[in-house]
Amino acid sequence: MTPPVRVLLADDQPLVRAALEMVITEAPDLEVVGEAATGAEAVRLVGELRPDVVVMDLRMPVLDGIEATRRVTAAPGTARVVVLTTFDEDENVHAALRAGASGFLVKDMALDDILAAIRVVAAGDALIAPSVTRRLIAEFAARPAAAPRADHRLTGITDREREILTLVGRGLSNTEIAAELVLSTATVKTYMTRLLTKLAARDRVHLVILAYESGLVPLPR
């Protein structure tokens with residue numbers, strides 16, 4: 001049996017941590033291994049407990065969630081960060097992604113969706129709340145056409161990898177890409193790994209952004 005995903009909760013509000021712990025504990029494939037009330041405590045516990053996923057609030061005392069995320073993702077280990085916040089302003093989204101977060105969620109999302117996001121991030125993918133994704137795409141749409149430098153970053157990938165990157169940018173999952181291109185899911189995963197390495201992308205979110213920046217995926221009008 002696959003061991004449960006180990007989750008660390010970092011939020012300065014005890015009621016939020018208690019609610020999340022209760023829901024996560026009920027899921028057989030997830031478990032809470034620790035709780036932190038400050039960003040500094042979260043960083044320390046990641047080193048001690050080695051969780052798979054950290055659910056990180058943004059506004060915490062001693063060390064805020066952005067800096068804590070930066071330190072967690074820069075440290076040795078495989079812990080990935082899902083930011084869960086009330087404050088979904090664009091500057092927070094950008095700062096969290098730059099700091100290395102693999103997910104950005106808002107606290108008014110359904111609890112089942114939050115659990116699903118934890119699973120997605122633990123599996124190595126990334127997820128952003130739909131409302132935030134729409135704003136990010138709208139922001140790209142408002143930008144001028146991508147500079148030639150963006151296209152230049154794709155010169156090292158094959159035609160098949162370019163095709164898969166385009167489908168990733170359109171929002172297709174690995175299973176959907178496999179069906180679209182008549183490939184096995186395992187083959188698609190191999191291509192994804194190659195794309196992440198060749199494009200120096202941290203996760204799927206960055207591949208989506210690159211697909212838009214390079215013009216592979218048309219911007220919505």
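As a test question: what accessible area, to the nearest 10 Å², does M22 have when a 1.4 Å probe is rolled over all protein chains in place?
Surface open to solvent at M22 totals about 120 Å².
Skipping prolines and chain starts, which residues have an amide H placed within reach, meaning under 5 Å, of the one on V83, given they are 5 or more residues away or on another chain?
M56, S102, G103, F104, L105
Amide H of V5 versus every other amide H placed in the peptide plane: which residues, excluding those fewer than 5 positions away on the same chain, fall under 5 Å?
Counting only residues 5 or more places away or on other chains, the set is L30, E31.
Largest first, how would T85, T38, T197, T73 line up by accessible area (1.4 Å probe)?
T197, T73, T38, T85
Note down the net charge around V182, summing +1 for each Lys or Arg and -1 for each Asp or Glu among other residues with Cβ under 13 Å from its Cβ. Each step should come with its number before you reach the end.
On the way: positive: R160; negative: E163, E176, E180.
Local charge sum for V182: -2.
Step through the residues of the range 91-101 one at a time and calculate ³J(HN,Hα) from phi using the Karplus curve (6.51 cos²θ - 1.76 cosθ + 1.60, θ = phi - 60°), rounding each to whole Hz and writing x for Gly and Pro.
5, 5, 4, 4, 5, 5, 5, 5, 6, x, 5
Using the 2.2 N^0.38 Å rule of thumb for compact globular proteins, work out how the range 151-221 stacks up: its C-alpha Rg over that value, please.
Normalised Cα radius of gyration, the range 151-221: 1.01.
So, taking all protein chains as they sit and a 1.4 Å probe, how much accessible area belongs to E31, in Å² rounded to tens?
We get 70 Å² for E31.
Taking only Cα atoms of the chain, what ratio of Rg to Rh do you get with Rh as the Kirkwood inverse-distance radius?
0.98
For the chain, what does the helix formula give at 222 nm: sum of -39500 (n - 2.57) over DSSP H segments with n ≥ 4, over the residue count, nearest 500 deg cm²/dmol?
That comes out to -16000 deg cm²/dmol.
Using θ = phi - 60° and the Karplus relation 6.51 cos²θ - 1.76 cosθ + 1.60, list the HN-Hα couplings for the range 178-192 in order, rounded to whole Hz, with x at every Gly or Pro.
My calculation for the range 178-192 gives 4, 5, 5, 9, 6, 10, 7, 4, 4, 5, 4, 4, 5, 4, 4 Hz in order.
Direction-averaged shadow area of the convex hull around the Cα atoms of the range 3-68, nm²?
The number I arrive at for the range 3-68 is 3.9 nm².
Where the centre of each part is set by its Cα atoms, how far does the range 174-202 sit from the range 44-73, in angstrom?
29 Å
For labels at A18 and A179 in the simple 7 Å Cα→Cβ model, what's the distance in nm?
Between A18 and A179, the label points sit 4.3 nm apart.
In whole angstrom, and with the biggest value first, how far do the Cα coordinates of the range 48-126 range along each principal axis?
Its Cα atoms span 31, 27, 20 Å along the three principal axes.
The values are calculated or read from the model by the stated rules, or taken from the named source; none is laboratory data. Model, not experiment: these values are computed from the prediction. As a convention, Cβ positions derive from the backbone with ideal geometry for all residues, glycine included, and neighbour counts pool all protein chains shown. We work out accessible area using only protein heavy atoms, side chains counted, and drop any ligands, DNA or RNA first. Shrake-Rupley method; radii C 1.70, N 1.55, O 1.52, S 1.80 Å.
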